[in-house]
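Down below is the structure, laid out as structure tokens.
The values are calculated or read from the model by the stated rules, or taken from the named source; none is laboratory data. What you see is a predicted model, and the numbers here were worked out from it, not measured in a lab. Counting neighbours? That spans all protein chains shown, and the Cβs are built from the backbone with ideal geometry, glycine included.
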Amino acid sequence: MNEINPNSNRDLLPEPTIRRLPWYLAYVTLLHNNNVEYVSSTKIADELNVDSSQIAKDLSFLNIKGKTRIGYEVASLETALRDFLGFDQSHNAVMVGSGSLGAALISDSGLQRYGLKIVAGVDVNPDIIGSQIGGIPIYHVDRLKELVKKLNIRIGIVAVPVDSAQDVADTMVAAGIKGIWNFTPYRIRVRDGVVIANTSIYSHLALMYNRLGTLNR
């Protein structure tokens, strides 16, 4: 068995390491589904294009160690990664902005496999307030604080126009939200004690377009 204590150094992990861990999890899950028992850091490195020494270092932050000449036990490694990343826990979330992008996220049942459970949506559009998206009810944003308390919501997902992003974030924090997943290109400011994760689709598009442009030069 691997030597695993997945909660030991949680506060010490560098952000780049945290970003790579889901890559490792996706790969070892694929191996587990194909009944592979052991995998080396070299094999993971070849498949994911990450240096094998970096993989070993990343996993060492979790006190995960493989066996010499055998590698990591796939099942144990998968379990440890899922536990450390919080994917096996259920995190209730509210979707703030239930238009096209928000509706797509609400309808994405795959998020639940990673522990994110969207239990409500809020909006200001009277055409969708009172309706359901994928079985999830949509409320007026004025009910946000009530919903956060009633449904034990800690995470808010922001998919609103840029000019509303900061006001929405302020409202979420005032309602008791502790983590904000921001899908707008606006860099939201919050007080200490609130976690922000930015996922700007537009930034990624800009990066891709820029890289594609260099290929044509």
Flagged pairs (Cβ under 6 angstrom, 6 or more apart or on separate chains; first in segment 170-197, assigned by TED's automatic domain parsing to the domain that holds Leu101; second assigned to a strand (DSSP E or B) and of a type in the set (S, T, N, Q)) are Asn182/Asn198; Ile188/Asn182
Report yes if Pro185 is farther than 19 Å from His91 by Cβ, in contact with a Ser or Thr (Cβ under 8 Å, 6 or more places away or on another chain) and of a type outside the set (Phe, Trp, Tyr), otherwise no. yes
Do any residues in segment 67-89 that are within 16 Å of His32 (Cα to Cα) have Cβ atoms under 6 Å from those of residues that are among the polar types (S, T, N, Q), where the two are at least six apart or on different chains, and which pairs are they? Gly71/Ser40; Tyr72/Asn2; Glu73/Asn2; Ser76/Asn2; Glu78/Thr29
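Tell me the strands (runs of 3 or more DSSP E) entirely within segment 134-188 that contain at least 3 residues that are surrounded by fewer than 20 Cβ atoms within 10 Å (Cβ to Cβ). Before the answer, list the steps.
Numbers: elements: 136-140, 155-158, 179-182.
Those strands (runs of 3 or more DSSP E) span 136-140.
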Looking at (1) hydrophobic (A, V, I, L, M, F, W, C); (2) assigned to a helix (DSSP H, G or I); (3) more than 30 Å from Ala165 (Cα to Cα), which is the only condition Val50 fails? (2)
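Yes/no per residue for (1) at pLDDT 95 or above; (2) in contact with a Phe, Trp or Tyr (Cβ under 9 Å, 6 or more places away or on another chain); (3) among the polar types (S, T, N, Q); (4) more than 20 Å from Val194 (Cβ to Cβ):
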position	(1), (2), (3), (4)
Ile118	yes, no, no, no
Ile128	yes, no, no, yes
Arg143	yes, no, no, yes
Leu147	yes, yes, no, no
Val158	yes, yes, no, no
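Scan segment 55-69 for residues that are among the aliphatic types (A, V, I, L, M) and either within 15 Å of Ala45 (Cα to Cα) or outside the structural domain of Tyr27 (by TED's automatic domain parsing) (or both) and jot them down.
Keep residues of segment 55-69 that are among the aliphatic types (A, V, I, L, M), which gives 55-56, 59, 62, 64.
Matches in segment 55-69: Ile55, Ala56, Leu59.
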